[in-house]
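The values are calculated or read from the model by the stated rules, or taken from the named source; none is laboratory data. The model shown is predicted, which means the values in this text are computed figures rather than measured ones. Positions of Cβ are backbone-derived with ideal geometry, glycine not excepted, and every protein chain shown enters the neighbour counts. Heads up: the accessible areas ignore ligands, DNA and RNA and are worked out on the full protein's heavy atoms, side chains in. Shrake-Rupley method; radii C 1.70, N 1.55, O 1.52, S 1.80 Å.
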Amino acid sequence: MIQPRMPWIRTVEPEDADGRLAEAYAWQARKLGRPTEFTQLGSLDAEVVHARLILYRASENVPSRLTRVQRLLIGYLTSILNFTPHCASLARTQLCGLENGEEVMRALDHHEYESLAAPDAALAHYVVKLTLTPG
């Protein structure tokens, strides 16, 4: 899924970054191949970008019985259901790097949860229930 750029928000492109911002972009690029669109949205303040990446790393390393795919499924689907595709950019990038990740994204994008493995389908249905239930 291609995300539209927000022309009213100034950002620093990766090839134009220097100093701390270049370090932060390189840090994320080592893991994901490039900095995400959401990371670039904070690019006018390199310290904010660094703080966000530290938060991501901490939250990704919390012990859990969920698989990596399941964690990303939750983040990606919640963002899609909340109409915040910019928030989905990290999970989308990470899912694409995993075996069967693109198939998982396709199933989530098309609400075809039953095409997922049974535990993942149940998790997707639960995310929908929690996200779309008022209150």
Determine, from the Cβ-Cβ distance of VAL48 and LEU130 and an R0 of 35 Å, the FRET efficiency 1/(1 + (r/R0)^6), rounded to the nearest 0.05.
0.75
The rounded separation in angstrom of the Cα centers of region 5-41 and region 66-135 is 24 Å
Kirkwood Rh in Å, taken over all unlike Cα pairs in region 80-133
11.6 Å
State the extension gain, in nm to one decimal, for the chain segment bounded by ALA58 and HIS111, taking 0.36 nm per residue of separation less the distance between their alpha-carbons.
16.1 nm
Among ARG92, ARG57, ARG65, which one shows the highest mean-square fluctuation when the chain is modelled as a Gaussian network with alpha-carbon springs under 10 Å?
ARG65
Could you work out the helix-only [θ] at 222 nm for the chain, with each DSSP H run of four or more residues adding -39,500 (n - 2.57) and the total divided by the number of residues, to the nearest 500 deg cm²/dmol?
-19500 deg cm²/dmol
Burial order of peptide ranges 71-80, 11-20 (average beta-carbon count within 10 Å, highest first):
71-80, 11-20
Average accessible area per residue (Å²) across the chain - probe 1.4 Å, nucleic acids and ligands excluded
62 Å²
